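Right, one structure below, let's go through it.
The values are calculated or read from the model by the stated rules, or taken from the named source; none is laboratory data. Treat the numbers as computed from the prediction; the structure is a model and nothing was measured. Neighbour counts are summed over all protein chains in view; Cβ atoms, including those assigned to glycine, are modelled from backbone coordinates with ideal geometry. Only protein heavy atoms, including side chains, enter the accessible area calculation; ligands, DNA and RNA are left aside. Shrake-Rupley method; radii C 1.70, N 1.55, O 1.52, S 1.80 Å.
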Amino acid sequence: MLGKILVAIALVVGVLWLMGMARRVGVARDTAARRDALSQQHRARKAEKRTEDLVRCPNCGAYHADGLSHRCEG
């Protein structure tokens, strides 16, 4: 009789432990997916920021973006 009770308790503890492990694995998977999505968004935003070629003004020697108007100060 005592053996059956101990086996039942061990089964309950084992099932609860397995449920806890499954929950932790699910949380870790969700966290990794969220981190990957954020890093992809960051890479996409970073790719949008492009550099522009600078052109030297023949009058004053200042550099400005190609195609933009420039007013010489001197």
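If I measure Cβ to Cβ between cysteines in the chain, which ones have no partner under 4.7 Å?
Unpaired cysteines in the chain: CYS57.
Put +1 on the Cβ of every Lys and Arg and -1 on every Asp and Glu Cβ in the chain; which of LEU11, MET21, ALA32 then has its Cα farthest towards the positive end of the dipole?
Most positive-ward Cα: LEU11.
Stokes-Einstein diffusion coefficient for the chain at 25 °C in a medium of 0.890 mPa s, Rh from the Kirkwood formula over Cα pairs: what value in µm²/s?
Answer, rounded: 131 µm²/s.
How much accessible area per residue does the chain have, in Å², with a 1.4 Å probe?
That works out to 95 Å² per residue.
Choose one answer from VAL55, VAL15, VAL27: the residue with the largest mean-square fluctuation in a GNM of the chain with alpha-carbon springs under 10 Å.
Evaluated over the chain, the most mobile residue of the options is VAL55.
What part of the accessible area of the chain, given as a whole %, is carbon or sulfur when the probe is 1.4 angstrom?
Carbon and sulfur atoms account for 61 percent of the accessible area of the chain.
Please compute the contact order of the chain in relative form: average sequence separation of alpha-carbon pairs under 8 Å and at least six residues apart, divided by the residue count, as a percent.
14
Could you give the dipole magnitude of segment 1-64 about its Cα centre, charging the beta-carbon of Lys and Arg +1 and that of Asp and Glu -1, in debye to the nearest 20?
The calculation lands at about 140 debye.
Compute the long axis of helix 2-48 from its Cα atoms, compare it with the longest principal axis of the Cα atoms of the chain, and write down the angle in degrees, 0 to 90, nearest 10.
Relative to the chain, helix 2-48 is tipped by roughly 10 degrees.
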